[in-house]
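Everything below concerns the one structure shown next.
The values are calculated or read from the model by the stated rules, or taken from the named source; none is laboratory data. This structure is a prediction, so every number in the text was calculated from the model and none was measured. Here Cβ is always computed from backbone atoms with ideal geometry, including for glycine, and neighbour counts include all displayed protein chains. These accessible areas exclude ligands, DNA and RNA; they are computed on the full protein's heavy atoms, side chains included. Shrake-Rupley method; radii C 1.70, N 1.55, O 1.52, S 1.80 Å.
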Amino acid sequence: MTTHPVAPRTLDELSDLVTPYAVRIAATLRLADHMATGHTTIGDLAEASGTRPRPLTALLEYLSRRGLFTRKSAQEYGLNEEAERLRDDHPGGLRFRLDLTEVGSHVETAHLGYVDFARHDATAASAYEAHYGTDLWTALATDPALAASWDRFMSGVTRIATDQVVTRFDWTRHKHLVDVGGGSGTLLRAVLAAHPHLAGTLVEIAPAAAAARKALRENKLDQRATVAEQSFFDALPDDGDVYLLTQVLHDWDDSDAVRILHRCAEAAGSDGRVLVVERLPHLNADGLQTSWMDLRMLTLFGGGERTEEQYRTLIAEAGMSLDLTQVVSAGALGGEMVLLECSVHA
Ligand SMILES: C[S@@+](CC[C@H](N)C(=O)[O-])C[C@H]1O[C@@H](n2cnc3c(N)ncnc32)[C@H](O)[C@@H]1O
């Protein structure tokens, strides 16, 4: 029999960690994938997932009661619609994001530092830093497995808006795209592949710079694009005529965001364009954010989501004007993603 999950309403349900962890354990053990290949009895599933029957049964009894997986008998469980989303090849990519051994869980643990970060005498710039003692970028630079996991994680998020960024902006007017903080280059590669007249530069720090170089080479785009391994707080390569910042500014507080925008404006010059791709948060009746992503950015980086007006103000402070806002992905992770086109004041 299939049961359906109940939306959390009470404090008990809102504060429960048993359910989220149980789901993540199922994701980590790839139970949905094992079931999809015919392992549905406890004996088969235990063997396929390398687990013992007692903890496996307790997990599946609980999850099936909450509406994830169906219970066929005390010894047999199966997939339902929700559990199908836990398969590794599901386009939503949830299994990977929930896997306890991957970066998604690593960054969620940063919430444990939020109390210290929130205190009036806090010294850490984010909850992540309060908990781990370093910022995420430094952690990635010293842990190759974590960096590879982050790369896969970010590429999945970026793909939400890629098609629209490739088609919405008039790339024919430009010759050279500089993707600033472009990660391993998911978006740059898509734009270059769709617009063969364009050259590209990707600005990144280690280890993303190395991953981007490798991906450009593997996609035979290394003749058209190079990687500038440097900080975006330093002067940027000035041979571009369009500069792109995708999901970068929300990692930083206002003064750092203006510094990054200013570097782009300075390099683009008065004939160039600066493009910002970010999420605009939903606002409540009082005009305040209720965004999941805002809380997440504050937790991870001490940054946050901003409204269009807040971006307009930062863009103006950096010597530019916001000319056009286009939606590139509606309803993405708690807010619509937009492409903000900016021109530099002469
Ligand atoms: C949230 S990710 C966005 C990546 C990419 N634009 C995307 O949308 O997939 C932010 C990126 O900023 C890069 N970054 C952080 N600090 C940097 C710095 N000081 N200079 C250049 N890049 C930096 C990180 O390595 C990371 O790849």
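Within the chain, helices built from complete DSSP H runs that reach 20 Å or longer along their own axis (Cα positions) and carry a mean Kyte-Doolittle hydropathy of -0.5 or higher are 144-168, 254-268.
Return a whole-number percent for the relative contact order of the chain, with Cα pairs under 8 Å and 6 or more residues apart as the contact set. That works out to 12 percent. Normalised per residue, the accessible area of region 214-346 is 44 Å², obtained with a 1.4 Å probe and no contribution from ligands, DNA or RNA.
Can you tell which of GLY67, ILE42, ALA83 lies farthest toward the positive end of the dipole of region 11-98, using +1 and -1 charges on the Cβ of basic and acidic side chains (Lys, Arg; Asp, Glu)? Farthest towards the positive end: ILE42. Dipole size of region 11-98 about its Cα centre, with +1 on Lys/Arg Cβ and -1 on Asp/Glu Cβ: approximately 140 debye, rounded to the nearest 20. Each Lys and Arg contributes +1 and each Asp and Glu -1, all at the Cβ; summed about the Cα centre of the chain, the dipole is approximately 1100 debye. In terms of its alpha-carbon gyration tensor, the chain comes out prolate; a/c meets the 1.5 threshold, and the first ratio a/b outweighs b/c. Which residue, chosen from ILE315, ALA32, LEU295, occupies the Cα position most advanced towards the positive end of the dipole of the chain, where the dipole is computed from +1 (Lys, Arg) and -1 (Asp, Glu) charges on Cβ about the Cα centre? Of the options given, the answer is ALA32. Peptides 270-276, 34-40 ranked from most to least packed give 270-276, 34-40, packing being the mean of other C-beta atoms within 10 angstrom over each peptide's residues. For region 11-98, the gyration tensor built on C-alpha atoms gives an oblate shape. Its axis ratio a/c (a ≥ b ≥ c) is at least 1.5, and a/b is not larger than b/c.
Taking a ≥ b ≥ c as the square roots of the Cα gyration tensor eigenvalues, with a/c under 1.5 meaning rounded and otherwise prolate when a/b beats b/c, else oblate, which class fits region 57-207? Note, shape of region 57-207 comes out oblate.
Using only DSSP helix segments of four residues or longer, with each worth -39500 (n - 2.57), what per-residue ellipticity at 222 nm results for the chain after dividing by its residue count and rounding to 500?
Rounded to the nearest 500, it is -13000 deg cm²/dmol.
Note on the chain: with neighbouring protein chains present and a 1.4 Å probe, carbon and sulfur make up 53 percent of its accessible heavy-atom surface. Under a Gaussian network description of the chain, with springs only between Cα atoms under 10 Å, the residue in ALA46, ALA147, ALA58 that fluctuates furthest is ALA58. Highest mean first, the peptides 172-183, 231-242 sorted by other C-beta atoms within 10 Å per residue fall in the order 172-183, 231-242. Counting only residues at least eight positions apart within a chain, or on another chain, the aspartates and glutamates with an alpha carbon under 13 Å from that of LYS72 are GLU61. Residue-normalised convex hull volume from the C-alpha trace of region 230-346: 100 Å³ per residue. Of the options LEU98, LEU249, LEU136, report the single residue whose Cα projects farthest towards the positive end of the charge dipole of the chain (beta-carbon charges: Lys, Arg +1; Asp, Glu -1). Comparing the listed Cα positions along the dipole, LEU98 ranks first. For region 274-302 and region 150-216, what is the centre-to-centre distance using only Cα atoms, to the nearest Å? The distance from the Cα centre of region 274-302 to that of region 150-216 comes to 23 Å.
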